[in-house]
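The values are calculated or read from the model by the stated rules, or taken from the named source; none is laboratory data. On a predicted model such as this, the values are computed, not experimentally measured, just so you know. So basically every Cβ, Gly included, is an ideal-geometry build from the backbone, and we count neighbours across all protein chains shown. Side chains are part of the model used for accessible areas, which takes the heavy atoms of the whole protein and leaves out ligands, DNA and RNA. Shrake-Rupley method; radii C 1.70, N 1.55, O 1.52, S 1.80 Å.
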Amino acid sequence: MADMIIIRSPQEIAAEINAIRRRAARQLLEDSVEVGRLRVEAKGTVQHGEWGDWLESNFQYSSTEANNLMRLFEAYGTKEQLTLFEENRMDLFGRMNKSQAIALLGLPE
């Protein structure tokens with residue numbers, strides 16, 4: 001039997017694209033929180049006063065970027081805070097990038 005070509009509507013294609021975008025946004029935020037967790041862990045193992053040198057020799061991140069990722073972990077990575085990124089909330093937060101998530105840290109609870 002010959003392969004059938006299925007033609008999808010523009011709406012079906014758009015829905016798939018948006019699902020991928022939401023999944024990628026969620027993954028980026030979750031990965032940013034995880035990187036923050038690892039940096040908090042690493043900072044606890046580095047000698048006092050050597051954090052900046054350690055960052056510089058191991059990563060292409062500034063200390064500001066490292067601190068922001070650590071703040072993301074502290075805000076969203078403990079308790080059940082990561083539920084913020086569950087599918088039912090991604091319509092609200094799915095367009096948010098890492099910088100916007102960091103900006104939210106300045107808002108009162």
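Identify the single condition in (1) modelled with pLDDT under 85; (2) in contact with a Ser or Thr (Cβ under 8 Å, 6 or more places away or on another chain); (3) farther than 29 Å from residue 17 by Cα; (4) not small (Gly, Ala, Ser) that residue 98 does not satisfy, given that it satisfies every other one.
(3)
Which of the residues spanning region 4-22 are open to solvent by less than 60 Å² (accessible area, probe 1.4 Å) and β-branched (Val, Ile, Thr)?
Within region 4-22, no residue meets the criteria.
With the requirement that a residue be touching a residue at least 60 places away in the same chain (Cβ under 8 Å) and open to solvent by less than 50 Å² (accessible area, probe 1.4 Å), what does region 23-59 give you?
If the condition is that a residue be touching a residue at least 60 places away in the same chain (Cβ under 8 Å) and open to solvent by less than 50 Å² (accessible area, probe 1.4 Å), then 25, 29, 32 are the ones that fit.
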